[in-house]
1. Out of Phe110, Phe95, I need the residue that is surrounded by 20 or more Cβ atoms within 10 Å (Cβ to Cβ) and closer than 30 Å to Gly324 by Cβ. Which one?
2. For Asn267, only one of the following conditions fails: (1) open to solvent by less than 20 Å² (accessible area, probe 1.4 Å); (2) more than 20 Å from the chain's Cα centre (by Cα). What is its number?
3. Take the residues in region 273-299 that are more than 25 Å from Glu105 (Cα to Cα) and aliphatic (A, V, I, L, M), then tell me which one is most open to solvent (accessible area, probe 1.4 Å).
4. Taking region 185-239 on its own, how many of its residues are under 30 Å from Lys399 (Cα atoms), free of Cβ contacts under 8 Å to residues at least 40 places away in the same chain and of a type in the set (D, E, K, R)?
5. Find all pairs meeting these conditions: Cβ atoms under 8 angstrom apart; at least six residues apart or on different chains; first residue within region 100-128 and in contact (Cβ under 8 Å) with a residue 24 or more places away in the chain; second residue in a helix (DSSP H, G or I) and surrounded by fewer than 15 Cβ atoms within 10 Å (Cβ to Cβ).
6. Going residue by residue through region 361-377, is there one that turns out to be in a loop (DSSP other than H, G, I, E, B), in contact (Cβ under 8 Å) with a residue 60 or more places away in the chain, open to solvent by less than 20 Å² (accessible area, probe 1.4 Å) and farther than 17 Å from Glu295 by Cβ?
7. Being under 19 Å from Leu265 (Cα atoms), open to solvent by less than 40 Å² (accessible area, probe 1.4 Å) and either of a type in the set (S, T, N, Q) or over 18 Å from the mean Cα position of the chain (by Cα) (or both) narrows it down to one of Ala155, Ala162, so name that one.
8. Cβ-Cβ distance below 6 Å, separation of 6 or more or different chains: which pairs start in region 71-83 with a residue that is free of Cβ contacts under 8 Å to residues at least 60 places away in the same chain and end on one that is among the charged types (D, E, K, R) and buried (at least 16 other Cβ atoms within 10 Å of the Cβ)?
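The values are calculated or read from the model by the stated rules, or taken from the named source; none is laboratory data. Predicted model only: the values in this text are computed from it and were never measured. With ideal geometry, Cβ positions are generated from the backbone for all residues, glycine too; neighbour counts draw on all protein chains shown. Side chains included, ligands, DNA and RNA excluded: accessible areas come from the protein's heavy atoms. Shrake-Rupley method; radii C 1.70, N 1.55, O 1.52, S 1.80 Å.
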Amino acid sequence: MVLDGSVPLQLDATARRLSLDPRDPRFYRDPYDVYARILAECPVVFWEQIGCWCFFGDREVNTILRDRRFGRDVLHVTTREALGWPEPAAHTRDFDAIDGNSLLEREAPFHTRIRRLVSKAFVSRRVEALKPAIAALANELVDAFPSGPFNIIDAFAGPIPARMIARIMGVPESTVPQLVDWSHRMITMYGVARTHETEVDANAAAAEFAAFLRETIRERRDTPADDLLTILIEAEALELMSEPEIVSTAILLLNAGHEASVHALGNAIRLLLERTTQPAQYLADDWSAGQLVEEALRHAPPLHLFKRFVLEDLEVAGVSFTTGEQVALIYGATGRDPKANAQPEQFDPARMRATHTSFGAGVHFCVGAPLARLELATALRVLFTRCPELRLVEPPVVKDSWHFHGLDQLIVEFTPLS
């Protein structure tokens, strides 16, 4: 069966089986019609190409995110031998070493200990204090806009999250292009089309990134500053963290601190240009800007796929699982669930309560969510206040990725204010 004459899709609601190539451009460029059909017919389905049971509905996804019988790690409750897993591959050793100490990939008590330390950098007063710096950076980037057509992803949406997380971590902003390159190469490990070649390249990026951070940490020990690296180094001195844990935590935050936010900001700009007139009217104050941000995250989320391990034998939604299985949570679909949001296909910047899972939920709720929300609201306000005549001049080019859903190109132009 072909959906709307474009996306090849086989959905058997009775057997709860889905066949759909997530690498098909007809799907990943605009997956929302597919999500709508799955939500209507079978929100819990075995997706053959993903190789596991997938949960699309807002209620189902939120339930699993809060259920401690599911987790990002499973080796704290069993062993590789018991699961029949092979030994880790030699060609991903450096990546695996970083992943093994990652806040994102571990459960309590490791996760609890590291998250408590990291959270110090993202408390509300520290994040809110960054607002002038975000606005200043946004204005600096707008000042540099060319007079003709340009890619606003490269000129605006990309630099803001990357440069801000570098400042928070205490990494020189001059290194941001290299950090972004390492990050892009590493996140291919979380995609749906990994190859031996991409794994080797991701491992090389991980090794280079770790070496850079070890040197930066050595320098910061001699020159402490008001940044997150110093906070983590102080924790190391109190024997609350090890250096490998600091390196992994820094890599996670530098990667997560810009990858999703770049896509979220680019997607929001696209929505405002395509679906509204006079976008600045929705950014007049903090309340309205906050509503707009939540609606953009609901309507065009940056992250569409996240996985969890099953930590004990159990049954959910009529499906029996055994320890060590994985399930996939389709974050990209939850905001389009009509049971969670009325008229979910409509983009309404003034929607009073936009329900979504862009930041996850439960113990792994995104620690950087307050920063991401502030960056989006502040950057969008500066952009559309300074450039009210901003307009699209070419069709958007969606990134060749489904799990991270964003734009490679958003070509725009504007008439500068006199």
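1. None of the others qualify; the one that does is Phe95.
2. The failed condition is (2).
3. Step by step, filter region 273-299, then rank; the result is Ala284.
4. Here the count works out to 5.
5. That search, which allows pairs on different chains as well, returns Asn101/Pro244.
6. yes
7. Details: Ala162 fails: either of a type in the set (S, T, N, Q) or over 18 Å from the mean Cα position of the chain (by Cα) (or both).
The conditions single out Ala155.
8. Between residues of region 71-83 that are free of Cβ contacts under 8 Å to residues at least 60 places away in the same chain and residues that are among the charged types (D, E, K, R) and buried (at least 16 other Cβ atoms within 10 Å of the Cβ), the close pairs are His76/Glu107.
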